[in-house]
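All remarks here apply to the structure that follows.
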Amino acid sequence: ALIIMGLWAAVGSNNMLLYIAGISNIPPELYEAADIDGAGRWQRFWYVTWPQLAPTTFFIVIISFIGGLQGGFEQARAMTQGGPFGATTTWTYFVYIVGFETGRLGYGSAVAWLMFVVIFLLTLINYRVGSTYINE
């Protein structure tokens, strides 16, 4: 249920709006040129639309990756409060429990900093790998 709720929130809101904005910014001249060259629907998508959406896709991947690693607090707190025997305790919910419910603010802060370092390093790797596919 937590995964379904997270996917519904991610796909149906910000990501879809970003893709709509990306598609609306594709110049119509590119589609006209593809039509003149005899491209079909699939070829127009694969050779015109998808490459033009590469920066938008790259941004969505980075933001979704960060959100996935630090997200889930609201869902875990509202639906299961950590679940049966901590099965649905997310990283951010763990920081909340340790820092604010048990009062161990130093330990909670250390876990939050560790989360920051992991997210930063994985985002840096994602940026290095993903930026090679973006046309500048």
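The values are calculated or read from the model by the stated rules, or taken from the named source; none is laboratory data. Worth saying up front: this structure is predicted, and the values here are computed from it rather than measured. Cβ coordinates were reconstructed from backbone atoms using ideal geometry, including for glycine residues, and neighbour counts include every protein chain displayed. Side chains are part of the model used for accessible areas, which takes the heavy atoms of the whole protein and leaves out ligands, DNA and RNA. Shrake-Rupley method; radii C 1.70, N 1.55, O 1.52, S 1.80 Å.
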Here D for the stretch 62-123, in µm²/s, from Stokes-Einstein with a Kirkwood Rh over Cα pairs at 4 °C and 1.567 mPa s, works out to 108 µm²/s
Taking N as the number of residues in the chain, the ratio of its alpha carbon radius of gyration to 2.2 N^0.38 Å works out to 1.43
With the dipole of the chain defined by +1 on each Lys or Arg Cβ and -1 on each Asp or Glu Cβ, the option from 125, 85, 66 whose Cα lies farthest towards the positive pole is 85
Rounded to whole Å², per residue accessible area for the chain with a 1.4 Å probe reads 71 Å²
If the chain between residue 128 and residue 47 were fully extended at 0.36 nm per residue, the gain over the current Cα-Cα distance would be 26.8 nm
Of every hundred units of 1.4 Å-probe accessible area on the stretch 44-136, the number belonging to carbon and sulfur atoms, as a percent, is 68 percent
With label points set 7 Å from each Cα along the Cα-to-Cβ direction at residue 21 and residue 105, the distance between them in nm comes to 3.7 nm
